[in-house]
1. Please give the peptides 161-169, 92-100 ranked by average Cβ packing (other Cβ atoms within 10 Å per residue), highest first, as a rough proxy for protection.
2. Using a 1.4 Å probe on the protein heavy atoms, what percent of the accessible area of segment 24-78 belongs to carbon and sulfur?
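The values are calculated or read from the model by the stated rules, or taken from the named source; none is laboratory data. Everything numeric here is computed off the predicted structure, so don't read it as measured data. Don't worry about glycine lacking a Cβ; one is built from the backbone with ideal geometry, like all the others, and counts go over all protein chains shown. Ligands, DNA and RNA are stripped out before the accessible areas are found, and what is left, the full protein with its side chains, is counted by its heavy atoms. Shrake-Rupley method; radii C 1.70, N 1.55, O 1.52, S 1.80 Å.
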Amino acid sequence: MMIKMKKTLLLMLLFPILLLGQKKEAVYKKLANLTCDCAEKKAQEKNLTSYDLGICIFDALDQLDVKDRKTISYNPDKKIETGMDIAKNVGVEMAIICPNYIKITKDEDPPVVDSTQAVEIKTIKGSIDSMVSNGLKFIYIIDDNHLKKEFLWLDAFEGDSLFIKGKAAIGDSIEIQYIETNYFDPKENIYRKYNVISSIKLL
């Protein structure tokens, strides 16, 4: 009797987890179908690329209702942060629904990287104007020419503890080393050049 009760209790505990898993899978399949339809249309106009598929996935995400977004923990205000893991799961479903499009992107030639070309690290000085979080973290400074400059806090960098521990404040003079890098902006549907921070120090 005790064993039967334990089994029943275990099933009651597992049921919500299994149900959530089924709901997520249903949303991933919906996204995969929408993405496959989008990819089919694009393939009729041009050679399909992984970039095109990425656009199609984000377009599909924008078509979800609030309930479906909540099911897969998707936040449209944080597309990159919450969308990347979702895209992987959608890709698994697409491999079943429209495998030809997945194969096309896998067959693309990888980009050629010139290993002899060093990454240029630039330096700028100024005073901290503001810090903004909108899915990504940006630090704005006013440089010596009184121009406002934007810098992206993407990864850990030397001096990030100044901000984490609250030792750097608005108006403080700082020196920033950064790298200019192109990233895709899904909100604007374009590639943007970002000044990615590599180090910061107080002056």
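1. The peptides rank, most packed first, as 92-100, 161-169.
2. 45 percent
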